[in-house]
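Worksheet: one structure, shown below.
Just so you know, all these numbers are worked out from the coordinates, no wet-lab data involved. Just so it is clear, the model here is predicted, and its values are computed rather than measured. Every residue, glycine among them, receives a Cβ derived from its backbone with ideal geometry; neighbour counts consider all protein chains shown.
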Amino acid sequence: MNDEPKSALELAMARLKKQDADAGVIEHPLTNDQKNEIGEIRKTYAAKLAQEEILYQSKLAGSVEFEQRQTMDEHYRRDVERLNHERDRKVEKIRNA
């Protein structure tokens, strides 16, 4: 047994691992192919999010009306949320494969 004091993070991680073990959650490491697929998905969606940001900023620069800006803000937030949800869903699908 190691006599060194543990950090709060280490204690929390140990507690979570114990909770997972008690709940019957089985940890399975990702394969290299899965890691690569997840990395590609994240890169793709980072590019899509950057594209949305650029489009949003360019539209915003051309708008002076308050209502129009509010509508653009709502559309931008909805698009970002949708892209993040798609990305997370695809990553989770690969993790569970």
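So the values come out like this:
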| item | result |
| --- | --- |
| Out of E74, E52, E92, sole residue that is over 29 Å from L30 (Cβ atoms) and of a type in the set (D, E) | E74 |
| R82 in contact (Cβ under 8 Å) with a residue 12 or more places away in the chain and either over 19 Å from the mean Cα position of the chain (by Cα) or loosely packed, with under 13 Cβ neighbours inside 10 Å (or both) | no |
| Test: A23 is of a type in the set (G, A, S) and surrounded by 10 or more Cβ atoms within 10 Å (Cβ to Cβ) | no |
| Number of positions in the range 14-28 that are over 20 Å from R95 (Cα atoms) and not acidic (D, E) | 4 |
| Tabulated pairs, the range 23-51, first touching a residue at least 24 places away in the same chain (Cβ under 8 Å) and farther than 15 Å from A97 by Cβ, second surrounded by 12 or more Cβ atoms within 10 Å (Cβ to Cβ) and of a type in the set (A, V, I, L, M, F, W, C), C-beta under 6 angstrom, 6+ apart or interchain | Y45/L83; K48/L83; L49/L83 |
| Of the criteria (1) surrounded by 10 or more Cβ atoms within 10 Å (Cβ to Cβ); (2) touching a helix residue (DSSP H, G or I) at 6+ places or on another chain (Cβ under 8 Å); (3) not aromatic (F, W, Y), which one K18 fails | (2) |
| Qualifying positions in the range 59-79 - touching a residue at least 24 places away in the same chain (Cβ under 8 Å) and among the aromatic types (F, W, Y) | Y76 |
